[in-house]
1. Pick from region A:102-119 the residues that are within 24 Å of B:Ala265 (Cβ to Cβ) and of a type outside the set (Val, Ile, Thr): which of them is surrounded by the fewest Cβ atoms within 10 Å (Cβ to Cβ)?
2. For the subset of region B:417-430 comprising residues that are surrounded by fewer than 23 Cβ atoms within 10 Å (Cβ to Cβ) and closer than 23 Å to B:Gly491 by Cα, which member is farthest from the other protein chains (Cβ to nearest Cβ)?
3. Count, please, the residues in region B:150-165 that happen to be more than 30 Å from B:Tyr226 (Cα to Cα) and buried (at least 17 other Cβ atoms within 10 Å of the Cβ).
4. In region B:76-97, how many are open to solvent by less than 40 Å² (accessible area, probe 1.4 Å) and touching a residue at least 40 places away in the same chain (Cβ under 8 Å)?
5. Of the conditions (1) within 11 Å of ligand 1 (Cβ to nearest atom); (2) part of a helix (DSSP H, G or I); (3) of a type in the set (D, E, K, R), B:Glu204 clears all except one; give me its number.
6. State yes or no: is A:Glu82 touching a Phe, Trp or Tyr at 6+ places or on another chain (Cβ under 8 Å), at the interface with another protein chain (Cβ under 9 Å from one of its Cβ atoms) and charged (D, E, K, R)?
7. Could you check region A:102-127 and list, in sequence order, the residues that are assigned to a helix (DSSP H, G or I) and more than 16 Å from ligand 1 (Cβ to nearest atom)?
8. For region B:431-440, which positions are more than 16 Å from ligand 3 (Cβ to nearest atom) and open to solvent by 20 Å² or more (accessible area, probe 1.4 Å)?
Amino acid sequence: MSDEILVDIDQHIEAHVNVPGALMPLLHAIQDDVGYVPEISYSRIAKALNLSVAEVHGVVTFYHHFRTHAPGKHILQICRAESCQAMGSEALEAYVKKTLGVDYHQTTADGAITLEPVYCLGNCACSPAASIDDQVCGRVDVERVNEIIAEARGA
Amino acid sequence: MAITIYVPRDSSALSLGANRVAANIQAEADKSGVEIHLIRNGSRGLFWLETMVEVRTSKGRVAYGPVMPKDVASLFDADFINGGAHPLHLGLTDEMAWLKKQERLTFARVGITDPVSVEDYVAHDGFKGLKNALTKSGAEIVKEVTDSGLRGRGGAAFPTGIKWNTVLNAPADQKYIVCNADEGDSGTYSDRMIMEGDPLVLVEGMTIAGLAVGATQGYIYLRSEYPDALVTLNEAIANAYQAGYLGEDICGSGQCFHLEVRRAAGAYVCGEETSLLESLEGKRGVVRFKPPLPAIEGLFGKPTVVNNVISLATVPIVLDKGGKFYQDFGMGRSRGTLPIQLAGNIKQCGLVEKAFGVTLRELLYDFGGGSASGKPIRAVQVGGPLGAYLPESQFDTPLDYEKFSEIWAVLGHGGIVAFDDTVDMAKMARYAFEFCAIESCGKCTPCRIGSTRGVEVMDKIIAKQDHAKNITLVRDLSDTMLNGSLCALGGMTPYPVLSAINHFPEDFGLKKGQVA
Ligand SMILES: Cc1cc2nc3c(=O)[nH]c(=O)nc-3n(C[C@H](O)[C@H](O)[C@H](O)COP(=O)(O)O)c2cc1C
Ligand code: SF4
Ligand code: FES
């Protein structure tokens, strides 16, 4: 862990310490910045917000969105929920796992893509849906997902 | 004079390339020296036609769609900026049958205005409800909402006016308005469309709620899967502050209301109101015991209104046109309109706002045009992952809270997900348990353990092991979850499971018509 990250984290803590219900916005700020919530930040957060380290750990791990380890360069999410299932997301998910050689919550060997499941992106009118980083994609077929993967790998 | 062109910023439109369409239109206009005014509107909700581009002409707005980025050059060649003929030409937007057949009250402005422009909002009847509310007492506002018959659109259908009245009458130094924008149900996207397409109506609705009950702080708890909505909401809120519709002195009335968006973090259960409040307070999203009700002891222990996006976004029209106007729509005890979302295997997916009473069949076939695959629609799930699956024999049920409960189904947040005849309902029942296991907050055993057991038993049924015994086991398990769960996540997971078994027994290795 570089000192630079710790300085960043301390700045986020400083900016949030007086916010009512500070923990969630603070964890978001840290993850947006660092890419995940490093365990080393727990004690600093706990101290600033008057919580126990266990409480901070409990919150970070309760929510699917927060990561405790650095992800790949890009995050590819495939929607697994009902509307997308009705439009073939299961086959899509199998294809993506095979193509990337990873399961959910894993990162490709080249570090380019972390694959995650998601339960509805609100894009159910254009199922099956996926997202790459913050960009939602609709009516995703094999061709489209290949494009997304190639782009993420910088091809 | 500059030509006004509309390209949606709705994230479903973006998911189909709307940003590239917009960029190409700007580039093409620059190239041909045409001066255009590009407005990024919300979606009109005809998603099979997205990206739907509109041009303002002397006859009205003319639509083109579905426009792909590569189509833009040919649109210019066809003089689309003056409504010219083109294979993608759809005619006047206002004349489109799909829209004309709707009753758009909550969605009156979505797709029409610039979502973040206060000026445009006001020009389309925005803030009229707030202006009326500012002339009324809290009790009078609450009465108007009660008279409208509005029931919560987040799922439980509790009368909004009655909830507000409890908060109004709870004495406290601080009260809160919390907007539930967690919209976790598969097949639903109406909250998102409001937040991306007309966020100021939500700002207005929450402000009116604040005036009604005496709350000065509002929070919008927004799911983290909606990054585009976050941007639109924050822009709209900043503009509302700037124009004096939020802040210390709303419209010079001396009344105060502050509003802030808070991001959720991907837990479905945080859509449950008490879990949501825990999360807002910075804790794990574990469901609270009730009582106390959030209306008495809610956020930070203070009286709190928790309402769904659509409930709150419907308040402005109620305060503008009166409770009576709104309650004249609908049937039975389901008053007003419901923004229905067509999803899954449907040819024409989109947003249909209709008065209660419209049937599933009308929605699936008249609006939806049948399945996308061309195969028969075999099952529909209404009301999200905790909603029942309905077979064709129930498609004539009118959308009405009571009519749905009579057939052991729910309307929920108004999402309809259709499946064609390739669906395996045993797999869907397994998924219902799996989803519950993934999302359970862990507080009660029937939900936490029962859901995992449910997955195991469904696996055995799918593998055709000990069939009769395992079906009985699923039923017992469902019974325990129905009766022994603290919230509807555990308590309603049996709806999709049991409805699947009861209506589609043949997928569970039972004879058609056989109820094990
Ligand atoms: C597991 C679970 C998830 C829920 N998710 C949502 C949601 O995403 N949005 C919502 O408005 N209500 C949701 N609800 C319902 C809320 O608990 C609550 O009834 C609602 O926010 C009240 O607002 P309303 O009266 O305006 O509907 C959920 C309930 C449960 C049990
Ligand atoms: S039913 Fe499930 S989600 Fe609801 S309180 Fe119990 S354990 Fe938590
Ligand atoms: S179910 Fe996949 S986007 Fe909603």
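The values are calculated or read from the model by the stated rules, or taken from the named source; none is laboratory data. Since this is a predicted model, take the numbers as computed values, not measurements. Quick reminder, even Gly has a Cβ in these numbers, built from the backbone with ideal geometry, and neighbours come from all protein chains shown. Just the protein is used for accessible areas: all its heavy atoms, side chains included, with ligands, DNA and RNA removed. Shrake-Rupley method; radii C 1.70, N 1.55, O 1.52, S 1.80 Å.
1. Going residue by residue through region A:102-119, those that are within 24 Å of B:Ala265 (Cβ to Cβ) are A:102-107, A:113-119.
Now restrict to residues that are of a type outside the set (Val, Ile, Thr): A:103-106, A:115-117, A:119.
Values: A:Asp103: 9, A:Tyr104: 15, A:His105: 13, A:Gln106: 15, A:Leu115: 23, A:Glu116: 18, A:Pro117: 16, A:Tyr119: 22.
Per the stated criteria, the residue is A:Asp103.
2. Looking at residues that are surrounded by fewer than 23 Cβ atoms within 10 Å (Cβ to Cβ) and closer than 23 Å to B:Gly491 by Cα, I get B:Ala426.
3. Summing the residues that are more than 30 Å from B:Tyr226 (Cα to Cα) and buried (at least 17 other Cβ atoms within 10 Å of the Cβ) in region B:150-165 gives 1.
4. Residues of region B:76-97 that are open to solvent by less than 40 Å² (accessible area, probe 1.4 Å), as a first pass: B:76, B:78, B:80-81, B:83-84, B:86, B:88, B:91, B:93, B:96.
From the residues that got through so far, the ones that are touching a residue at least 40 places away in the same chain (Cβ under 8 Å) too are B:76, B:81, B:93, B:96.
Of the residues in that region, 4 qualify.
5. Answer for B:Glu204: the failing condition is (1).
6. Working: touching a Phe, Trp or Tyr at 6+ places or on another chain (Cβ under 8 Å): yes; at the interface with another protein chain (Cβ under 9 Å from one of its Cβ atoms): yes; charged (D, E, K, R): yes.
The answer is yes for A:Glu82.
7. Residues of region A:102-127 that are assigned to a helix (DSSP H, G or I), as a first pass: A:124-126.
The answer is A:Ala125, A:Cys126.
8. Scanning region B:431-440 gives B:Ala437, B:Ser440.
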